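Written out below as structure tokens is the structure these notes cover.
The values are calculated or read from the model by the stated rules, or taken from the named source; none is laboratory data. These figures come from a predicted structure and were not determined experimentally. Here the Cβ positions follow ideal geometry from the backbone for every residue, glycine too, while neighbour counts run over all protein chains shown. Quick note on the areas: whole protein, heavy atoms, side chains included, nothing else; ligands and nucleic acids left out. Shrake-Rupley method; radii C 1.70, N 1.55, O 1.52, S 1.80 Å.
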Amino acid sequence: MCSATSLPHFKLEKINLIVCTVLGLFTMYYGTAQTHHTYSISFENAEHHEAKVSAIFDHLEHKVLQLRMSRTSPGRYALHEFAKNVYEVTALNGKGDTLEVTRPNPYQWNVANHGGTVILSYKLYGNHGDGTYAQIDESHAHLNIPATFMYAKHYENRPIQITIHPRKDLKWHIATQLKYIEKNDYFAPNLQYFMDSPIELSNHYKKSFIVELNGQKQKINLALHHQGSDQEGDQYFENIKKIVLEQEKVFGELPQFDFNEYTFIACYMPQVDGDGMEHRNSTILTSTTPLNKGGFKRNIGTVSHEFFHSWNVERIRPLSLEPFNFEKANMSGELWFAEGFTSYYTKLILCRAGIISQEAYVNGLAGALNYVWNSPARNYFNPIEMSYQAPFVDAAKSVDPVNRENTFISYYSYGSVLGLALDLSLRSLNSDKNLDGLMALIWQNYGKTEQSYTIKDIETMLSAYAGADFATGFFNNYIYQSKMPNYKALFDYVGVSFGQNDLNKSRLGAYVDSKNNHWVIVNNPYINGAAYKAGLTQGDEIISINN
């Protein structure tokens, strides 16, 4: 959701170069020509949020082995210091002798004089369930891979095998996009794929359906960890099916999912944090809202958003995110398209699928449009530059105050209202054109071929679809600059009333909160608003207004 973006560019053809059949997997694992890294994880101390991790790195060069915890997570752009939750690190060589482990920096453990094999073990603390971190308790083990496993630097292209030990006493099952081998063993073709493959272990509801198109069958799975009934799961699953089939119509086909499966991993539990995170063949969905207490409506939008990412960002992928970097923040100027256009389709798909009404959909457009239209931040940054801010806002944390009320517009919202404008503009330009047609064209040229794109490539595709003058005008005004489209004319074309209400009413231009009968300004006042012009600032108490 994010969010977001996710797996660094990895084509199915590349998987096929490594493995064509399950037999090929075992040949790779146990043959002499191919080496791999082996991980194991167990949860004996789950009640205290601990996991025990072990790994074997062999056939190593006789150099210092650099073991790292990632500082980023696929789909996130900010830094996340996962190393802080790792402790009791030990290393042995192939003979079982203890090796010295040193720390050259906060994110890395070095092992020298290993003789070609390092047997690693450590404990992991995890108690934050969302699309980025790990959470371990007696209800589940919710694992995002970068937050859970160290990796061997300079060996990123080696295949990975992992053995997962679910708590049988807690009736845990395994849900993941990793390739199943046998028993509790799973496979990833390289580190990039491994890092992009979250795992949920819990006593969850499971259901699947098959999508068949042009003679090809692909399996869509739901793993739902919640406290509700199977009947609620069945009802929710029907809406997921509608979303999958409706989004397929936009692009004319599903992506070719690796191993022919896609898995929705939904964790709707009271201890998690609300989130959504797309991955190449799966998504993590977390919410504290149960299905029977508003979750059917509140949670389904994240399902729509994250599945649309299967096309837009996972395969229609910005070049700026290739390859995804696990050591530093990832910056992209294309997020207004990758995240924003996905946000535009989020509720549009719900409307087309009959999950929300047309009236609710149209009324729902006002929130993002008002936010972008009225923000003073457009005076400082265009959509590309707003996208550059992702490392500072995408689940990022800072302790110093910022002025984002005046300087930042979410690229989700900004891109969403630009997607709306482009869709309406195409429709008014030619009754046979719309944003679906453009997205399908981009899919054929960049997504299906998995050729990473630049901003200029999107402009070129729009030019091919709607003409050079149209494309140049749209990009020069609304992407390279921060002008606003003529929404009134665009909405008039489709019979929707667009206007500004209560223009004569006074506005403070700041948010206030009442605590113990004291009214305090709780944000930076908006530039050129009444409070700003009056010299008021965050933290000021309003004693009276007009006596």
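Of the set (1) open to solvent by less than 10 Å² (accessible area, probe 1.4 Å); (2) touching a strand residue (DSSP E or B) at 6+ places or on another chain (Cβ under 8 Å), all apply to P146 but (2).
Only one entry of A329, A353 meets the criterion of being closer than 20 Å to M386 by Cα and in contact (Cβ under 8 Å) with a residue 60 or more places away in the chain, and that entry is A329. Within this structure, D423 passes the test of being open to solvent by less than 20 Å² (accessible area, probe 1.4 Å), touching a residue at least 40 places away in the same chain (Cβ under 8 Å) and under 14 Å from F337 (Cβ atoms).
Please go through the stretch 475-530 and pick out each residue that is aromatic (F, W, Y) and either in contact (Cβ under 8 Å) with a residue 60 or more places away in the chain or farther than 30 Å from P401 by Cβ (or both). Steps first, answer last, please.
Here is the first cut: in the stretch 475-530, the residues aromatic (F, W, Y) are 475, 478, 480, 487, 491, 493, 498, 511, 519, 526.
Residues satisfying the conditions are F475, Y478, Y480, Y487, F491, Y493, F498, Y526.
In the stretch 300-329, of all residues being open to solvent by 10 Å² or more (accessible area, probe 1.4 Å) and of a type in the set (S, T, N, Q), the one that is nearest to the chain's Cα centre (by Cα) corresponds to T302.
Rundown of residues vs (1) open to solvent by 10 Å² or more (accessible area, probe 1.4 Å); (2) touching a Phe, Trp or Tyr at 6+ places or on another chain (Cβ under 9 Å); (3) small (G, A, S), yes/no style:
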| site | (1), (2), (3) |
| --- | --- |
| E238 | yes, no, no |
| L245 | yes, no, no |
| K249 | yes, no, no |
| G252 | yes, yes, yes |
| F257 | no, no, no |
| Y262 | no, yes, no |
| A266 | no, yes, yes |
| D275 | yes, no, no |
| H279 | no, no, no |
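Within the stretch 207-258, the set of residues being out of contact with any helix residue (DSSP H, G or I) (no Cβ under 8 Å at 6 or more places or on another chain), among the hydrophobic types (A, V, I, L, M, F, W, C) and part of a helix (DSSP H, G or I) comprises F237, L245. For the stretch 149-174, filtered to residues that are in contact with a Lys or Arg (Cβ under 8 Å, 6 or more places away or on another chain) and open to solvent by 40 Å² or more (accessible area, probe 1.4 Å), the residue that is nearest to H36 (Cα to Cα) is K153. Contact map, the stretch 105-122: residues that are surrounded by fewer than 17 Cβ atoms within 10 Å (Cβ to Cβ) and hydrophobic (A, V, I, L, M, F, W, C) paired with residues that are in a strand (DSSP E or B) and at pLDDT 95 or above, Cβ distance under 8 Å, separation 6+ or inter-chain. Pairs shown: A112/L65; A112/L99; A112/T102.
Criterion first (of a type in the set (A, V, I, L, M, F, W, C), open to solvent by 20 Å² or more (accessible area, probe 1.4 Å) and within 15 Å of N312 (Cβ to Cβ)) does L429 satisfy it? So L429 does not fit the description; no. Checking each residue in the stretch 375-403 for being in a loop (DSSP other than H, G, I, E, B) and not small (G, A, S) picks out Y380, F381, N382, Q389, D394, K397, V399, D400, P401, V402, N403. Selection of the stretch 404-440 for residues being closer than 17 Å to A78 by Cβ and part of a loop (DSSP other than H, G, I, E, B) yields F408, S410. The lone criterion from (1) over 25 Å from K171 (Cβ atoms); (2) open to solvent by 40 Å² or more (accessible area, probe 1.4 Å); (3) more than 22 Å from the chain's Cα centre (by Cα) left unmet by N203 is number (1). The helices (runs of 4 or more DSSP H) found wholly in the stretch 286-374 include none carrying at least 1 residues that are touching a strand residue (DSSP E or B) at 6+ places or on another chain (Cβ under 7 Å) and at pLDDT below 95.
Scanning the stretch 51-99 for residues that are basic (K, R) and out of contact with any strand residue (DSSP E or B) (no Cβ under 8 Å at 6 or more places or on another chain) yields K63, R71, K84, K95. Residues that are over 24 Å from the mean Cα position of the chain (by Cα) and of a type in the set (G, A, S) were ranked within the stretch 207-231; the one that is surrounded by the fewest Cβ atoms within 10 Å (Cβ to Cβ) is G215. Applying the criterion of being aliphatic (A, V, I, L, M) and assigned to a strand (DSSP E or B) to the residues of the stretch 259-285, the residue that is nearest to the chain's Cα centre (by Cα) is M277. For the stretch 373-395, the count of residues that are touching a residue at least 40 places away in the same chain (Cβ under 8 Å), open to solvent by 40 Å² or more (accessible area, probe 1.4 Å), more than 23 Å from F251 (Cα to Cα) and of a type in the set (V, I, T) is at least one.
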